[in-house]
1. How many of the residues in the range 600-614 are without any contact (Cβ under 8 Å) to a residue 24 or more places away in the chain, open to solvent by less than 50 Å² (accessible area, probe 1.4 Å) and either polar (S, T, N, Q) or under 9 Å from ILE641 (Cβ atoms) (or both)?
2. Within the range 659-677, how many residues are in a loop (DSSP other than H, G, I, E, B) and open to solvent by less than 30 Å² (accessible area, probe 1.4 Å)?
3. Could you please give the count of residues in the range 79-118 that are of a type outside the set (Gly, Ala, Ser) and part of a strand (DSSP E or B)?
4. How many residues does the range 570-593 hold that are assigned to a strand (DSSP E or B), at pLDDT 95 or above and aliphatic (A, V, I, L, M)?
5. Looking at this structure, is VAL143 open to solvent by less than 30 Å² (accessible area, probe 1.4 Å) and either hydroxyl-bearing (Ser, Thr, Tyr) or assigned to a strand (DSSP E or B) (or both)?
6. Being crowded, with 22+ Cβ neighbours inside 10 Å and closer than 21 Å to GLY209 by Cβ is the filter here; which residues of the range 561-573 pass it?
7. How many residues are open to solvent by less than 60 Å² (accessible area, probe 1.4 Å), among the polar types (S, T, N, Q) and out of contact with any helix residue (DSSP H, G or I) (no Cβ under 6 Å at 6 or more places or on another chain) when one looks only at the range 716-766?
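The values are calculated or read from the model by the stated rules, or taken from the named source; none is laboratory data. The structure displayed is predicted, hence computed values, not measured ones. When we count neighbours, we look across all protein chains shown, and the Cβ atoms used for this are built from the backbone with ideal geometry, even at glycine. Heavy atoms of the whole protein, side chains included, go into the accessibility calculation; ligands, DNA and RNA do not. Shrake-Rupley method; radii C 1.70, N 1.55, O 1.52, S 1.80 Å.
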Amino acid sequence: MFSKSIGGDKQQMANESMVNIAVRPLVEYVFRSGSLESGFRTAVSLTEGTKAHQQVQKQYGEGDQKEVYLKAEIPCGDLLFVVDGRCDGLLVGRDGGWTIDEIKSTAGDLAAIREDTYPVHWAQAKCYAYMYAKANGQREMGVQLTYVQLDTGERKQFRMRAGLDELETFIHDVVRQYAPYARLLRDHRRERNRSIAELAFPFPGYRTGQRKLAGAVYKTIEEAVGLFAQAPTGIGKTISTTFPALKAMGEGKLNQLYYLTAKTVTRTAAENAFALMEAQGLQAWVVTLTAKEKICFSEEVRCNKEDCIYADGYFDRINGAILDILANETQLTRPVIEAYARKHRVCPFEFSLDLSYAADVTICDYNYVFDPKVSLQRMFAEQKKETALLIDEAHNLVDRAREMYSAELRKSGFLALQRAYKEKSPSVAKAAKAVNALFIELKKRVEGSSFQTDLAAPELLLERAEAFAEAAERELALEPSAAGQTGSSGSSEADARELLLQAYFEALHFGRIGKLYDERFVTYTEVTREDVRIKLFCLDPSHLLQEMGKGFRSRIYFSATLSPMAYYRDMLGAGPDDYTVSLSSPFSRDQLEVVVLPLSTRYQDREQTRVPLVRALQEVTRGRPGNYLFFFPSYAYMNMIYEDFAAVAEEGTELLLQQSGMTEEDREQFLAAFVPNPAPGRTFIAFAVMGGLFSEGIDLVGDRLTGVAIVGVGLPQIGPERNLIRDYFQTSGRNGFDYAYVFPGMNKVLQAGGRLIRSETDQGRLALIDDRYLQPHYARLLPEEWR
Ligand code: SF4
C-alpha cells in the first residue's frame, strides 16, 4: 500500500511536470507584441483564411505534403514540454531536403509585409522545422513563409535555411521563456486539486433536494453527458452545481468550468458561492467577464493604439500583467481586474478574456460560449473536452439564443454609407449602393402590406452583403489617416469610419447567419415609413445550441423554472443520453397562501375589468400591511392600473412604479424601498412588469416581501414574430400556441411568483389574477405547491 502510494505520487508528479502545448499558443505567448486593433481583420480571416490556405496547398507539387502532424519533447529544467501541431506544408526540395511552409493570409497590403514584420510567424515555422528534423534525422531544414492577399490572391514568400542545432537552440529558448508561466500553472493546479480534495460542503448539512442535485451534476460530468435540472428556490442551486463540479475537477475529470448566466445579479451569486468555498480553503482562479462596453476605461470603445492608451502596446505588457494577477489573486472579479489593468496599462476587457484561458472557473454571459459573434474562439478542442458548462437560469436561453442566431440589416445604414463614401471610397459606395438598391426593390414588392415573410434565404442580398463586407474590410484595413484624403474634417471622417465599422460587423453577422440558415429559419421584411428592415429569424434555436455546445465534456442546464421540462429539453437541444432531474420545493405548503381571482385580463377586456381589477388588488393587501409586488404583463397595462389604484389607495399606502430603461443604480434604489421590519401598519406596493428587472433574480427575504399579485398569465404580446414561431411549431407537429405564447408566458409567472418565499421562515400571500388559472391547460403548468 505504502510503496504503491509512493509510485503513484511519482507518476502524478511526472504528469504534473509535463506541459502539453500546441505550437501556436506557445509561440503566440512568447512572441506576442504590439497593440490591440479593432479586430475586424480576424473575423474574416478565420473563414477566408482557410480558403486562401487551401488555394496555396492545391498548388503543391508531387511529393509535397500538407497538414502534417508533428510532435516533439523538449525538456526545460523540472518541466517536460510536449509540443505538437500541424504545419501547413512540408515541401520536398530538388536536393531531397525538406522545407516547412507556413501560410498566412491578410486583407492588407502585401507591400507592407517585410521579412521581419512578424517574428511570431517565423517562430511557428521554425518550431515545425525543428520537430520534423529531429524526428527524421535531418541536419538542415528550409523554412518558408507564404503570405496571401485575400482579395487578389497575390502572394509573397520569404525563405531561410537553418541547421538542426540552430533550430534546437531556438525552440529551447522559446520553451524557456514560457516556463515561468507553465510553472505557475502547474503549481497552482497541484494546489487547486489538493484544496478541492479537502474541501467540504460549505454548509453544515445538505438541504432537501440539494444532495440529489449535487449527485446528478457529479454523475453527469463523470459520464460526460448533459443534464436538465429544475431546482426550485431554496434548493441552493448555485452551490449544488458548483460544488460537485469542483469535486469532479479535483479528481481530474475536468480542468475548467464555465458558469454561464443571463444577468449580472446571477453572476454575483456565483461569485459569492466561490468566495464562500475559498473561505473554506478552496484555491481556484475564478474570473468574471464583464461586457466590453461596461468595463472599458475609455469614454468611447475605440480599440486601437491611436485612441486608447490601454490598446497601445497591449501585447508588450500582457504577459507581465497575467503573471502578476495570477501570482497574487484568486477571485478575479471586475474590481480586481480593473485594478491590475490600470497597474499594467492593459485593456481590462481583453485582459479578462486572456485570463479566462488560464482560469479554473469563468463566470460570464451565455454569449461567450453560444453566440457565434463573440464566442471564445481561441478555445481549442482539447480544452473543451476538459470543460463543463453550468448554465444558470437556463429558461432564458431559448429567447437569448433566438437573438444570437438571428440577424438583420436596415436600408438606412447603407444609404448613409453610399453618400458618406461617394468621394472617399468609390468601391465602398458602390457596394453599399448595390445593397441599398435591393432594399428599394424589396420595398416595392412589400408595398401594400408592411410585413412579408419568405421561407428561403435572400441569396442575392447575402451575396451583396458579403461583397459589401469585403469592400468595407479593404477600406478599414487602411490606416485612418490614409483613408481620409479628401480634406473632410477629422471628426466626420471618424464618424463615417464608425458607421462603416458598424455596418461591416452587421453585414458580417448577416452573412454568418445566412450560412446557418435552414428550415428552422424564416426571412421577413418589414417596411415602415422611415426604413426597410430584413431579418433572418431563427425560429428554433435547439440545433444551433447543440452545435455550439458540442465538444464540451458536459452541459448542465438548470433553473428554478424549467417547466414544462419536455419543452425546454426540446428547445435547448437535449441529446438522448442527457439526464433530467426535477426537484420539489424544499419549503412547506403552509408558508404560502395562494388565491386565484378569476378576472379576464385579455387585451380586449381590459377596459371592462379595470374597476374590478383595482378592487381585487386592494383585497390582496387588505388587513395585512407589509411590502408587496404587483406584476403586470406590459408597461401600458401597468401604468393604466397604477393610475386607477393610486386614485383610490388608502391613505398612507406608499406606491412605487417601475420605469422602462432603469439603470443598475435605479434598480438598487427600487429594491431598497422594500425595507425589512416595516413599521407596523405600513403598506408599500411596487408595480412592476413580468419578465423585467424585478421578476427574476431578486431576493427579498423575510418581511421584505409579504405578498405578490400577478395580473394575467404572462403571454408575450401577440405580434408577427411570435406568430411566426407559433406557425412553425404548429406545422412541425407541436402545439404552436403553447410554444410561442403559453410556455414562455407561464415561465414569467412562475419566476415572478417565485420572488415570494425565499427561505424556510418566509410567509406570504400570492394572488393569481386571471380566469385562465382555473382552466386545466394553464393550471397544470403551476407548481404543485401553488395548486
Ligand atoms: S479600454 Fe476600451 S477602448 Fe481601450 S482597448 Fe479596451 S475596450 Fe477598447
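1. 1
2. 2
3. Matching residues across the range 79-118 total 20.
4. Summing the residues that are assigned to a strand (DSSP E or B), at pLDDT 95 or above and aliphatic (A, V, I, L, M) in the range 570-593 gives 1.
5. So VAL143 passes the test.
6. THR561, LEU562, TYR568
7. 4
This table checks each residue for (1) touching a strand residue (DSSP E or B) at 6+ places or on another chain (Cβ under 9 Å); (2) farther than 20 Å from ALA437 by Cα.
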| position | (1), (2) |
| --- | --- |
| ALA494 | no, yes |
| GLN502 | no, no |
| LYS515 | no, yes |
| PHE521 | yes, yes |
| VAL527 | yes, no |
| CYS538 | yes, yes |
| LYS550 | no, yes |
